[in-house]
Amino acid sequence: MHFVILSLNPGYDRWAMIEKPSALPAVTRASRAFSLPGGKGIDVARCLHALGHEDYRCFTFLGGHQGDEIARACREEGLNMESVRIAGESRLNHTSVYLYRNETFTVNEEGPSVTREETESLIRKVKLALDKSPGSVLTICGTACPGFTPDDFCVLADYASRTGHETAIDIGGANLVPLSHTAPSLLKINRQEFLHAFGFDGWKRTPHVSSWIRENRIPVLILTDGAAGSCTHTSDTSLYAELPEGCGGPYGVGCGDAFFGGYLSAWSECLPMDDRIRRANACGISNSRALRCGSVDAGEVSALQDRILIYPCR
């Protein structure tokens with residue numbers, strides 16, 4: 001299974017590790033720091049790469065010095081990337097990890113605006129990639145640079161559907177509602193984001209949830225809720241995933257992206273739904289123990305899968 005991944009507002013992420021409280025209230029010192037490329041689609045690609053799935057291509061906008069650094073770092077990681085160069089400067093994001101209190105604080109820049117010409121160039125590249133790989137999955141991850149609109153996302157989702165491809169979506173904000181109406185094969189979303197967007201809690205298999213899935217023609221809807229696990233609705237069943245107590249680590253950034261990548265890899269292997277859900281949650285846990293968004297340890301994921309309890313929604 002080939003994944004055509006969209007990561008349309010990438011960032012060069014700077015991480016600072018802070019081991020102890022500062023003696024000064026307004027200044028602190030990091031004991032170590034590192035940088036890596038980020039963005040939901042790049043994180044998903046990183047997870048697929050770690051799990052040994054290389055049949056994907058990640059499309060993105062890149063501009064300026066930060067864009068050059070993102071491209072270089074992705075090459076060094078061995079990620080399969082294709083970009084459209086833009087006039088603006090790709091964003092620089094900052095995460096402070098307070099090791100002494102197991103907390104992180106992230107500041108993400110908005111990102112550069114893209115022109116209509118740059119947007120159309122990206123759309124053409126993605127359509128061409130779909131045409132070259134029949135039966136692909138268009139994988140829409142996260143928001144885009146300002147200037148790439150919800151309508152642009154829907155144009156690609158509709159094109160994928162009309163040309164015999166499937167669509168998998170992990171997105172929030174203004175793009176979520178219109179994309180939910182494009183009949184994606186998979187919609188994965190945080191539980192609270194779903195509640196905010198649609199005005200009801202989808203955590204239980206209520207008649208309202210069943211009706212919403214049927215009306216929007218969504219075969220698989222997955223809601224995630226951090227340490228509480230996940231709830232997966234299909235046309236005929238709903239399953240909870242319960243995580244082992246105390247199994248997670250302190251690094252919550254990127255866990256949802258790793259979850260999505262884990263599910264995609266299991267889907268590509270045609271595993272049963274129970275096993276897809278187990279792998280997805282195991283990848284989220286593995287990422288919480290790592291300091292790189294989307295990073296998972298394949299051996300750790302394998303060991304964690306057996307500890308995740310799957311049972312029907314009540």
When Phe148 is evaluated against the numbered criteria (1) surrounded by fewer than 15 Cβ atoms within 10 Å (Cβ to Cβ); (2) of a type in the set (Phe, Trp, Tyr); (3) under 29 Å from Leu221 (Cα atoms), which criterion, by number, is the only one it fails?
(1)
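May I ask you to list the residues in the stretch 234-265 that are closer than 21 Å to Val209 by Cα and without any contact (Cβ under 8 Å) to a residue 40 or more places away in the chain? Give the derivation first.
Here is the first cut: in the stretch 234-265, the residues closer than 21 Å to Val209 by Cα are 234-242.
Thr234, Ser235, Asp236 - these are the residues of the stretch 234-265 that are closer than 21 Å to Val209 by Cα and without any contact (Cβ under 8 Å) to a residue 40 or more places away in the chain.
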Quick check on the stretch 127-138. Is at least one of its residues under 18 Å from the mean Cα position of the chain (by Cα), of a type in the set (Gly, Ala, Ser) and under 26 Å from Leu48 (Cα atoms)?
yes
The stretch 75-124, residues that are over 17 Å from Leu62 (Cβ atoms) and of a type in the set (Val, Ile, Thr)
Thr95, Val97, Thr104, Thr106, Val107
List, please: which pairs have Cβ atoms under 7 Å, are six or more places apart or on different chains, and start with a residue in the stretch 281-303 that is free of Cβ contacts under 8 Å to residues at least 60 places away in the same chain and end with one that is assigned to a helix (DSSP H, G or I) and of a type in the set (D, E, K, R)?
Ser286/Glu300
When you go through (1) modelled with pLDDT of 95 or more; (2) among the aliphatic types (A, V, I, L, M); (3) in a strand (DSSP E or B) one by one for Ala73, which number turns out not to apply?
(3)
Residues to consider are Thr182, Thr139; find the one that is under 28 Å from Val209 (Cβ atoms) and either surrounded by fewer than 23 Cβ atoms within 10 Å (Cβ to Cβ) or among the small types (Gly, Ala, Ser) (or both).
Thr182
Within the stretch 76-102, considering residues that are polar (S, T, N, Q) and surrounded by 20 or more Cβ atoms within 10 Å (Cβ to Cβ), the one nearest to Asp13 (Cα to Cα):
Asn93
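Assess whether Ala160 counts as being out of contact with any Phe, Trp or Tyr (no Cβ under 6 Å at 6 or more places or on another chain), under 25 Å from Arg276 (Cα atoms) and buried (at least 17 other Cβ atoms within 10 Å of the Cβ).
Numbers: out of contact with any Phe, Trp or Tyr (no Cβ under 6 Å at 6 or more places or on another chain): yes; under 25 Å from Arg276 (Cα atoms): yes; buried (at least 17 other Cβ atoms within 10 Å of the Cβ): yes.
Yes.
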From the set of residues in the stretch 1-27 that are among the hydroxyl-bearing types (Ser, Thr, Tyr) and either touching a residue at least 24 places away in the same chain (Cβ under 8 Å) or assigned to a strand (DSSP E or B) (or both), which is surrounded by the most Cβ atoms within 10 Å (Cβ to Cβ)?
Ser7
For Thr104, indicate whether it is touching a Pro at 6+ places or on another chain (Cβ under 8 Å), closer than 29 Å to Glu269 by Cα and hydroxyl-bearing (Ser, Thr, Tyr).
no
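Just to be sure before I move on: is Leu48 assigned to a helix (DSSP H, G or I), touching a residue at least 12 places away in the same chain (Cβ under 8 Å) and not small (Gly, Ala, Ser) in the structure I sent?
Details: assigned to a helix (DSSP H, G or I): yes; touching a residue at least 12 places away in the same chain (Cβ under 8 Å): yes; not small (Gly, Ala, Ser): yes.
For Leu48, the condition - assigned to a helix (DSSP H, G or I), touching a residue at least 12 places away in the same chain (Cβ under 8 Å) and not small (Gly, Ala, Ser) - is met.
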I need every pair where a residue in the stretch 143-155 that is on the phi < 0 side of the Ramachandran plot has its Cβ under 6 Å from the Cβ of a residue that is among the polar types (S, T, N, Q) and outside any helix (DSSP H, G or I), sequence separation at least 6 or different chains.
Thr143/Asn9; Ala144/Asn9; Cys145/Asn9; Pro146/Ser113; Cys154/Thr182
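Output the helices (runs of 4 or more DSSP H) that fall wholly within the stretch 251-314 and possess 2 or more residues being farther than 14 Å from Val44 by Cβ and among the acidic types (Asp, Glu), or say none. Full working, then the answer.
On the way: elements: 255-268, 273-288, 298-305.
Per the criteria, 273-288.
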Expected single match for in a helix (DSSP H, G or I) and among the hydrophobic types (A, V, I, L, M, F, W, C) among Leu187, Leu156 is Leu156
Out of (1) in contact with an Asp or Glu (Cβ under 6 Å, 6 or more places away or on another chain); (2) crowded, with 16+ Cβ neighbours inside 10 Å; (3) not aromatic (Phe, Trp, Tyr), the one Leu309 does not meet is (2)
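The values are calculated or read from the model by the stated rules, or taken from the named source; none is laboratory data. Here the structure is a predicted model, which means the values were calculated and not measured. Neighbour counts are summed over all protein chains in view; Cβ atoms, including those assigned to glycine, are modelled from backbone coordinates with ideal geometry.
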